[in-house]
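Worksheet for the structure shown next.
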Amino acid sequence: MTTFADVGNPESEIRNPKSEMGRMPDIVLHAWEGTTGCRRVRAVLALKGLPHGFRPWTVRSARDVLALDRTGEGPVLRYDGRLVVGAGPACAFLDDHHASPPLRPRDITAAALCHVIEGWADDALGPRVAALRWLVPANRSRAAAALGGAVAPVPPAVGQAVASAVALARLRCRGVGVRDLPACEAAFHSDLDEIDRLLHDRDHVLGPPHGRTLADIAVAVQLGFVEGTTYEESLRARPSLWRWFQAERAAWGVRADAPAG
């Protein structure tokens with residue numbers, strides 16, 4: 001099980017920066033409302049100050065979803081007619097085309113570390129947070145309510161039941177069940193400890209001279225789903241992490257339970 005302490009530096013990736021657009025582009029975000037990918041892209045759009053439209057997907061629009069993204073997961077960013085599929089590519093695309101504020105380091109090594117942390121947030125932290133949200137009955141109803149709109153216009157209770165069934169099925173596909181909850185909790189708390197120690201003398205994950213990056217957004221979005229659950233106190237109990245988390249949310253203002261604009 002990969003924890004935050006295991007994250008290292010892979011081979012470097014060289015950016016291909018592009019000049020910022022001279023006009024305001026036509027941007028539309030297509031996504032399942034309330035999902036991690038949707039909130040990551042919305043955070044970048046907010047930080048860049050980019051007006052955009054939002055087209056939430058529902059089960060009734062399944063054919064349209066698959067036409068844009070054959071995996072059906074999304075999100076999909078439509079930018080002046082060009083389609084960018086996936087949260088990571090969409091965030092990088094926006095940073096390439098709108099340089100202010102920069103969200104990826106210019107230094108190659110730091111850029112590689114930023115990319116690795118983004119991947120860790122998706123592939124390790126995210127599944128653990130999902131387990132804590134969906135396998136603990138006290139948290140499941142809140143999580144289902146946040147995603148139940150995706151199956152509109154069915155009654156809310158039905159939508160929440162469908163959202164729960166889908167989320168639990170996805171966890172089973174990963175081989176995660178109730179028996180794995182103690183291990184997920186232990187790894188989650190270990191990650192929080194590492195992040196808290198990392199942030200005790202810095203304002204952002206990568207530290208000086210780097211400011212806010214896509215790594216901060218990826219980690220903060222995942223931790224945002226813990227708010228309102230029985231694990232929120234775990235965030236509050238770690239002062240450096242909680243200070244950073246509050247600053248991130250204030251900067252881009254996307255809450256896990258907020259409706260998309």
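For the structure I just gave you, tell me whether ASP69 is buried (at least 16 other Cβ atoms within 10 Å of the Cβ), over 21 Å from GLY253 (Cβ atoms) and at pLDDT below 90.
Details: buried (at least 16 other Cβ atoms within 10 Å of the Cβ): yes; over 21 Å from GLY253 (Cβ atoms): yes; at pLDDT below 90: yes.
The answer is yes for ASP69.
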Worksheet item: Is there any pair with a first residue in the range 222-238 that is over 17 Å from ALA167 (Cβ atoms) and a second that is charged (D, E, K, R) and part of a loop (DSSP other than H, G, I, E, B) whose Cβ atoms are under 9 Å apart and which are 6 or more apart or on different chains, and what are they?
Response: GLU227/ARG255; GLU227/ASP257; LEU235/GLU227
Practice prompt. Give the range 38-59 a look and list any residue that's assigned to a helix (DSSP H, G or I) and farther than 24 Å from ARG104 by Cβ, or say none.
Written response: VAL59
Discussion item. Looking at (1) surrounded by fewer than 20 Cβ atoms within 10 Å (Cβ to Cβ); (2) assigned to a helix (DSSP H, G or I); (3) at pLDDT below 95; (4) over 15 Å from the mean Cα position of the chain (by Cα), which one does ALA186 not meet, given that it meets all the others?
Written reply: (3)
Worksheet item: Is the range 215-233 home to any residue that is surrounded by fewer than 19 Cβ atoms within 10 Å (Cβ to Cβ), closer than 22 Å to PRO127 by Cα and aromatic (Phe, Trp, Tyr)?
Response: no
Practice prompt. Would you check if there is a residue in the range 245-260 being buried (at least 21 other Cβ atoms within 10 Å of the Cβ) and not in a loop (DSSP other than H, G, I, E, B)?
Written response: yes
Response to the item:
Those residues of the range 196-211 which are under 20 Å from ARG238 (Cα atoms), in contact with a Pro (Cβ under 7 Å, 6 or more places away or on another chain) and buried (at least 18 other Cβ atoms within 10 Å of the Cβ) amount to LEU206
Practice prompt. Go over the candidates ALA157, ALA145 one by one and state the one that is part of a helix (DSSP H, G or I), over 19 Å from the mean Cα position of the chain (by Cα), surrounded by fewer than 19 Cβ atoms within 10 Å (Cβ to Cβ) and modelled with pLDDT under 95.
Written response: ALA157
Discussion item. Within the range 86-110, take every residue that is buried (at least 20 other Cβ atoms within 10 Å of the Cβ), hydrophobic (A, V, I, L, M, F, W, C) and in contact with an Asp or Glu (Cβ under 9 Å, 6 or more places away or on another chain) and give me the one that is nearest to THR36 (Cα to Cα).
Written reply: ALA87
Fill in: Residue check, VAL221 modelled with pLDDT of 95 or more, of a type outside the set (Phe, Trp, Tyr) and under 27 Å from GLY49 (Cβ atoms)
yes
Discussion item. Considering only the range 189-202, I want to know if a residue exists there that is in a helix (DSSP H, G or I) and at pLDDT below 80.
Written reply: no
Worksheet item: Which of the following residues is at pLDDT below 95, closer than 24 Å to ALA144 by Cα and of a type outside the set (Phe, Trp, Tyr): GLY207, GLY261?
Response: GLY261
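The values are calculated or read from the model by the stated rules, or taken from the named source; none is laboratory data. Nothing here was measured: the structure is a model prediction, and the numbers come from that model. We place every Cβ from the backbone using ideal geometry, glycine too, and count neighbours over all the protein chains shown.
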